[in-house]
Each structure stands twice: as structure tokens, then as C-alpha cells.
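Student: What follows is a structure written as C-alpha cells; I'll ask about it next.
Computed from the coordinates by the stated procedures, all read-outs in this text should not be read as laboratory data. Predicted model only: the values in this text are computed from it and were never measured. Every residue, glycine as well, gets a Cβ built from its backbone with ideal geometry; the counts of neighbours run over all protein chains shown.
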Amino acid sequence: MIHASNLIRMVGLTLAGMALAAGTHAQPFPNKPIIIIQPYSAGGLLDMGSRIMSVHAEKLLGQRIVVENRTGGGGKVGTEAMLRAPRDGYTLAAVSSSLAVYSPLLDATFKFEPVKDYTPITLAFDTYYVLAASPTAPFNSLAGLIAYAKSNPGKLSVGNAGDGTGGHLAFELFKQAAGFDATAIPFKGEGPLIPSIVGGQVPVGYTTGTVRPLVEAGKLVALATTGPTRWKLFPNAPTFKEANISPLAVSALLGFIGPPGMPNDVVARINAAMVASLQVPEVRKTLEEAGAVVRGVGPEEFAAQIRSDLDGWGAVIRKANIKIN
């Protein structure tokens, strides 16, 4: 038989344990470190942006933010690891247009549906492309390129960093908008692409802001940039819109997502910290000098941007009959 005093003691201990457990669950987010999976190699704009933003966002959240590079499968390995994580906000992933837009439209092996199968958190920043030409190319302006391409149907080669990349799709949109025929030449990344343009092996190609020093040194000619307004990195290069090639404004989005079904209050807390970090002068200056255009928007606007890009690029891909894999 249990003595009454022992019974009271047991009940008291049970209630105390329940209260402790309830208190643990009620702890405000976050109460442990947050992991951001970076699905690409270290050193790129998205990787650098993730790290510099995290330094300031963790001060606002009161917990460490750890950026982990998990590469493979064109970014799918890291993204799929995030999708399998608990939906508590402690495992997130960086995402680019390649994963959010291009791969779902082009890759039949892509396993998750954009927006539906993850939680958009924020579109942190955009970046543009620059159409850069060799100084030995038979043209030194956008108008000259179009005139050359129209006078020599199918003879112009235009390089890009790989099939299905933003530069490849920007080229296809350019062809459709300007009405000329040319051949896309895919490379295995910007590493081999840029020297091939400098050396004249391909006369022109779509690159990122990393070529600014080569343009400033006269080793490349910036014919045009793809943003809606002039890019600070290439102030002397016109936009495609200035050349009346419309609708041709192309930007690559870079942002952060989480597993599907994250609590709204957790999403709001992370979004607020990330957006605030983008307003830190040091962060903003570093990103802009690297070629980023700072955004920092809410989850709904981020989701709307992804859907809009899917619709727009889907039409371009279908018209050009682009297929990979």
C-alpha cells in the first residue's frame, strides 16, 4: 500500500515534471543554433551572402547560425536534406533561381514542387547577368551584335555557364526578343567560360559580375546588362531595355527557404532578422560590391516572385524547346 504522504509526493513530482516539459516546449524560438544548408560550393555570391547575413542575423535572434555547404546534384542534395528536416525552423536552406525556377522547369528528375513543397522565407537579393564580348569580336555594341547575327544566321556562338543556367535562358530570351539565330555554347561553369571569351574562342557570352575587373582592364567589353536599370558594377553598359529589346529584364534571385509547414511566427521571426541584417551598412556595401541588388522581402512577396518567374521562363523554355537530362 502506498502511504498518503508518498502518494502526494509522487503526484507533486509528476506535476513538476509536466510543468518543466511544458516550459521547455514553450520556450520562444530560437533556443538552439540554426543551420542554413548552402547547396552550392563555397565562395559564390549566395554562399558569401549567407555567411555575412548570418553574422548579423544571429545577433538579433540570440542564437548561432551555422552555414553548412552540402553540394551535389546541382544543388538538389542539400535542398532535399533541408526538406527532410523537422519543420521547426532550425534547418533552412539557401536557394537560387537555378533551384527555385530553372530546374523545376527543365529537370525531369526534380523531386519537389516550387513553393508548395517548401516554405519561402525571404528573397534576400538579386543579381544580373552581363553580356560580355571579346575585344576581338566583330562587334563592340549590342546593336552591332544583333546586326552581325542577322547578317550571319546561325554563325554567331554565345557562351554560357551550362545548359539550363540563367545565362543560357537569358540568351534564348534575347534571341526571341531581337529575332536572330545564334548557337548557345555551354561550358562547365564560369571558370572555363570567361577565359574562352577573353581569348576569343567564343566571341561573346553571358557572365556574372565577377568579370568587372576584366571589363575595367579592357580584356572584355560589357555590351549590356540584364537588369531593369543600369548595374552599378557596369555603369557604362546599357540595359537591354535601353536598347528597346523588350521585355528583357533578367535577374537571378537568391534567398532562403525552409521545410514545408513551418509555423508562421517562426517564419516571421527569421524573416525579420534576415531583412534587418540586409540593412546593416557593412552587409549592404559588401553585397552590392559583389554584384548583388539588395531586396529583403516578406515570404508572400518571395513566393509571388517565384511563381511569376516560373510562368515567364516556362513560356521561354517551351518556345525554345529547351530540354536537359
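Student: Measure out, as a whole number of angstrom, how far apart the alpha-carbon centroids of the stretch 190-236 and the stretch 77-91 sit.
Tutor: Answer, in whole Å: 36.
Student: Rank by packing, highest mean first: peptides 153-159, 170-176, with packing defined as the count of other Cβ atoms within 10 Å averaged across residues.
Tutor: Descending mean neighbour count gives 170-176, 153-159.
Student: How would you rank 97-108, 231-242, highest first, on the average number of other Cβ atoms within 10 Å across their residues?
Tutor: The packing order, highest mean first, is 97-108, 231-242.
Student: For a bin width of 10 Å, list the pair-distance distribution of the stretch 194-325 built from all Cα-Cα distances, rounded to whole %.
Tutor: Over the stretch 194-325, the share of Cα pairs per 10 Å bin runs 10, 29, 34, 21, 6, 0 percent.
Student: Kyte-Doolittle mean at least -0.5 and Cα extent at least 24 Å along the axis: which DSSP H helices of the chain qualify?
Tutor: Those that clear 24 Å and a mean of -0.5 are 4-25, 299-320.
Student: Right, here's the next one. What is the antiparallel percent of DSSP beta bridges lying wholly in the chain, to the nearest 5?
Tutor: The antiparallel fraction comes to roughly 60 percent.
Student: Let's see if you can work this out: charge +1 on each Lys and Arg Cβ, -1 on each Asp and Glu Cβ, no other charges. What is the dipole magnitude of the chain about its Cα centre, in debye to the nearest 20?
Tutor: 160
Student: Of the listed pairs Lys76/Lys323; Lys175/Lys241; Lys116/Lys175; Lys155/Lys323; Lys32/Lys111; Lys59/Lys285, which have alpha-carbon separations greater than 26 Å here?
Tutor: Details: Lys76/Lys323 18 Å; Lys175/Lys241 14 Å; Lys116/Lys175 32 Å; Lys155/Lys323 22 Å; Lys32/Lys111 30 Å; Lys59/Lys285 19 Å.
Distance filter (> 26 Å) returns Lys116/Lys175; Lys32/Lys111.
Student: What ranking do 77-87, 218-228 get when scored by the average of other Cβ atoms within 10 Å per residue, highest first?
Tutor: Output ranking for 77-87, 218-228: 218-228, 77-87.
Student: Now, a different point. Nearest 500 deg cm²/dmol is fine: what mean residue ellipticity at 222 nm does the chain get from its DSSP H runs of n ≥ 4 alone, each adding -39,500 (n - 2.57), divided by its residue count? Intermediate values should be presented prior to the final figure.
Tutor: Numbers: 11 runs with 134 residues, N = 325.
Mean residue ellipticity at 222 nm (helix-derived): -13000 deg cm²/dmol.
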